[in-house]
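Each reported figure results from applying straightforward, stated rules to the coordinates on display, with no laboratory input. What you are looking at is a predicted structure, and each value in this text was computed from that prediction instead of being measured. No Cβ is skipped: glycine too gets one built from the backbone with ideal geometry, and neighbour counts run over all protein chains shown.
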Protein chains: 2
Amino acid sequence: AQLGTNATSALAVNVALSALVFAVTLRLVPALAATFVAAGQFGHDVNKPDRPPIPEGLGVVCGVVYLVALFVFIPVPFVDHFFGDRSSFPLETLAVLLSALLSICCMIFLGFADDVLDLRWRHKVLLPTLATVPLLMVYYVTYNKTHVVIPIPLRFALGTTIELGMFYYVFMSLLAVFCTNSINILAGINGVEAGQSLVIALAIAANSYIQLVSTDCCVQENLFTLYLILPFIATTAALLYHNWYPSRVFVGDTYCYFAGMTFAVVGILGHFSKTMVLFFVPQLFNFALSLPQLFRWVECPRHRLPRLNKDTGLLEPSRASLASGTWLGRQCVTILSALGLVRVYYKDTAKPSYDGAEVSNFTLINVLLLWFGPQREDTLTKLVLAVQVLTTLVAFVVRYPLASIVYNPL
Amino acid sequence: AQLGTNATSALAVNVALSALVFAVTLRLVPALAATFVAAGQFGHDVNKPDRPPIPEGLGVVCGVVYLVALFVFIPVPFVDHFFGDRSSFPLETLAVLLSALLSICCMIFLGFADDVLDLRWRHKVLLPTLATVPLLMVYYVTYNKTHVVIPIPLRFALGTTIELGMFYYVFMSLLAVFCTNSINILAGINGVEAGQSLVIALAIAANSYIQLVSTDCCVQENLFTLYLILPFIATTAALLYHNWYPSRVFVGDTYCYFAGMTFAVVGILGHFSKTMVLFFVPQLFNFALSLPQLFRWVECPRHRLPRLNKDTGLLEPSRASLASGTWLGRQCVTILSALGLVRVYYKDTAKPSYDGAEVSNFTLINVLLLWFGPQREDTLTKLVLAVQVLTTLVAFVVRYPLASIVYNPL
Ligand SMILES: [Mg+2]
Ligand SMILES: [Mg+2]
């Protein structure tokens, strides 16, 4: 698409602001680390032999720098309208931007409260749902498309589109809850939260860029997505620099919520919430695999991150006891161990019985350790990120070449 | 004014939600107090003989309950438009509501960060200024009146109105910074932060109610103000119940910022920012009186709250040393002590010299102690609230009967 001079210069301002966001985050995070420790906000890095105390929740610095940058940016896309005809002011675009920032701000706040106060699970589900109300309001008012296009091979049975109505709003609301929590549970080794978020954010930016240069469709949506995602990439990259192995800071729940909500917001208001799901395949896999533990069919320890073998210096799968699990949990263990997704550690290998046995925790990170053997922590993070990159590439194949086969060109 | 059925039922829903907000805050504050203490969020009540530890920053609970209620409320005023003609949807009203919540949410978040991390003064001025950007954007787009009506006696010299342009935006931005910080410095005794905010909020609600029933002007603005201020009154009243002498919880910077920004938001977007200044006269007085200490012309101790005389059980003015002050500071002391606003405590009363002398701290609360003598803490809070109520009554006289003399009827 041919961008107007206004959009081009707004994008240029956004890129410049993002560069500034990167530089400021890079300096502020280490500068504020001591303040966090002084305020009692630190945790121990349990995967290091000496378990050093590490400042926790520095993602809030990212979040604040990001919000400040976007507050400064708010007027930029509207500069043309300031001195001209106010009656043509694009109030819709402003409402979209305001609702996006409102939802993101709420989630950064909630994450910070979680880091400081340790909230309950019901808060972690209820509050993100409420935080999507402004988003969905604005979606309704400005767009309100709630149908799904059916792939050509299925149209003989289902028709060309299905109108989901209310259910589409439920889907979007669930997407927000899923995004905010799913990054938070694919976590626990140095750099993995910020790393996976960086890959997803780069995929989103690439997707919008491809659409902007290759089609004339959805220009406003793709611009909006870039406006929000470029400063996010900048602040995440700077945080990752300090959070990479060996971490000098931890990102905290704040960062995971901030990242998840930013993705949900651009997915919903950028109108590509279904493509967004494709970028979240590793998180979906990790979430689905975790369900037997989240439902307590199998014992769920407080932390499920891999454990350090002090002799080898390598990480190994962490384990849960099978003593307290239910019948259903044991069936899951049988099936998942047949699929190679968990491993059972029998008390007496000669007499394999679940009584007294342990099982590797149900997480993607442990699956990678089962498949590729014990790893150094940084290698393990790179493996997770490799999975994220691979699924993203697959997502692009599904989204573009494959979509043109199973759908008519849009 | 005659309200439509839509506005009447939205107001009814708001009142019902406010009742719920009161009940929820009343229960949640004591329920969460232990969580705050466990997370290290507590302070010592220095005006009690045994200095008990009190959970600090419970204002964040108010803030979250308030935000949740307003998120639930967002769609309510628009119900008529949901199933009708979407092209007539009042996007302006939605943008106003979204920008209001965005600014308030930012300030609750900033306040909470201040409680946890103890921010610097530059953050406390810079971040509220930035948080007003969405407000001012929306003010510009939807209203953009930047003139001031001149009182009749002055019109011969200045004309009927003065166009302030950019400066009016600077004034509104300063108003937000002032509101968020001025409640925070008229603080330090049980119940005074929430108490003064409750009086101001009731004054705002009364002002909007009077206008709604007595004129046809500004119906949308007054409805907007009531929508935002009624849940605020509810959550504040519930917090004050627990914060009243002897406090079981402290409200924290969070509450002061939350209250201040809510006032600034309704003042700006409700288009009565000048009337709002009248409601803040005690805070303005306290701020102006504090300036010699804020500028460090006179020593400024970390805390300027009154100190307990353990023998009498009464509070007395706290003191600052005159040893380190500047020449300018000593001039201020001379003038203010002549006005009865501070008292100098000489080392040797027979030989009055500022060397080695002390002065009562420059706050409204200390002034009241000078004028009315040492007080029990709850009596002192009541005195401050009495001052707030009196100035509010004066504000109504200035705003209504007097305004109709010095201005033409609007
Ligand atoms: Mg937590
Ligand atoms: Mg503080």
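The calculated Kirkwood hydrodynamic radius for chain B is 22.7 Å, given to one decimal from all distinct C-alpha pairs. Across the copies of the chain, A:Gly43 has label points (7 Å from Cα along Cα→Cβ) spaced 2.9 nm apart, shortest distance listed first.
Gyration tensor analysis over the Cα atoms of segment A:1-134 returns equivalent ellipsoid semi-axes of 37, 20, 11 Å (largest first, whole Å). Between copies, the label points of B:Leu154, set 7 Å from Cα on the Cα→Cβ line, lie 7.0 nm apart, reported in increasing order to one decimal in nanometres. The 3J(HN,Hα) values that the Karplus relation (6.51, -1.76, 1.60; θ = phi - 60°) gives for segment B:232-241 are, in residue order, 5, 4, 4, 5, 5, 4, 5, 5, 4, 4 Hz. Gly and Pro appear as x. A simple rule links phi to the HN-Hα coupling: the Karplus curve 6.51 cos²θ - 1.76 cosθ + 1.60 with θ = phi - 60°, which for segment B:158-169 gives 10, x, 6, 9, 10, 8, 8, x, 3, 5, 5, 5 Hz, with x for Gly and Pro. Plainly put, the tip 7 Å out from Cα toward Cβ on B:Val170 is 5.5 nm from that tip on each other copy, the closest given first.
Note on the protein assembly as shown: Kirkwood hydrodynamic radius from all Cα pairs is 29.2 Å, rounded to one decimal. Residues whose amide H lies under 5 Å from that of A:Tyr345, counting only those 5 or more places away or on a different chain, are A:Glu358, A:Val359, A:Ser360; hydrogens are built 1.01 Å from N in the peptide plane. Close amide H contacts of A:Arg307 (hydrogens built in the peptide plane, cut-off under 5 Å, sequence separation of 5 or more or a different chain): A:Glu316, A:Ser318.
Globularity index of segment A:132-219 is 1.40 (Cα radius of gyration / 2.2 N^0.38 Å, N = number of residues). Taking the empirical scaling 2.2 N^0.38 Å for compact globular proteins as reference, segment B:75-211 has a Cα radius of gyration ratio of 1.32. Rounded, prolate or oblate: which fits segment B:241-323, taking a ≥ b ≥ c as square roots of the Cα gyration tensor eigenvalues, rounded meaning a/c under 1.5, else prolate when a/b beats b/c? It is oblate, given that a/c is not under 1.5 and a/b is not larger than b/c.
Taking every residue in B:67-78 and counting other chain Cβ atoms within 10 Å of its Cβ, the average works out to 4.
For chain B, averaging the sequence separation of C-alpha pairs within contact (under 8 Å, six or more residues apart) and dividing by the residue count gives a relative contact order of 21 percent. Exposure proxy for A:Leu102, B:Leu135: other Cβ atoms within 10 Å of each Cβ, ordered fewest to most, give B:Leu135, A:Leu102.
Residue by residue along B:116-124, Cβ atoms of other protein chains within 10 Å of the local Cβ number 3 on average.
The Cα center of segment A:196-230 and the Cα center of segment B:178-252 differ in position by 43 Å. In order along segment A:106-112, the Karplus-derived 3J(HN,Hα) couplings, from 6.51 cos²θ - 1.76 cosθ + 1.60 at θ = phi - 60°, round to 4, 6, 4, 4, 4, x, 5 Hz, and Gly and Pro are given as x. Working ranking of peptides B:198-208, A:230-240, A:300-310 by packing, defined as the average number of other Cβ atoms within 10 Å per residue, highest first, is A:230-240, B:198-208, A:300-310.
Cβ crowding within 10 Å, taken as a proxy for footprinting-reagent exposure, orders B:Asp378, A:Asp114, B:Asp253 from fewest neighbours to most as B:Asp378, A:Asp114, B:Asp253. Given the DSSP H assignment, sum -39500 (n - 2.57) over each helix run of at least 4 residues in chain A and divide by its residue total; what's the result at 222 nm in deg cm²/dmol, nearest 500? Only helices count here, giving -20500 deg cm²/dmol. In terms of surrounding Cβ atoms within a 10 Å radius of their Cβ, A:Leu32, B:Leu164 rank from fewest to most as B:Leu164, A:Leu32.
Proximity of backbone amide H atoms, modeled 1.01 Å from N, is registered between B:Ile54 and B:Gly43, B:His44, B:Asp45 at under 5 Å, excluding neighbours fewer than 5 places apart on the same chain. A Gaussian network model of chain B, with springs between Cα atoms under 10 Å, assigns the largest mean-square fluctuation among B:Gly188, B:Gly267, B:Gly340 to B:Gly340. Shielding by partners for peptide A:87-98, expressed as the average number of C-beta atoms from other protein chains within 10 Å of each residue's C-beta, is 5.
Roughly what percent of Cα-Cα pairs across segment A:273-387 reach past 25 Å? When every Cα pair of segment A:273-387 is considered, 24 percent fall beyond 25 Å.
Structure note, pairs B:Lys48/B:Lys124; A:Lys124/A:Lys145; B:Lys48/B:Lys382: Cα-Cα distances above 23 angstrom occur for B:Lys48/B:Lys124; A:Lys124/A:Lys145.
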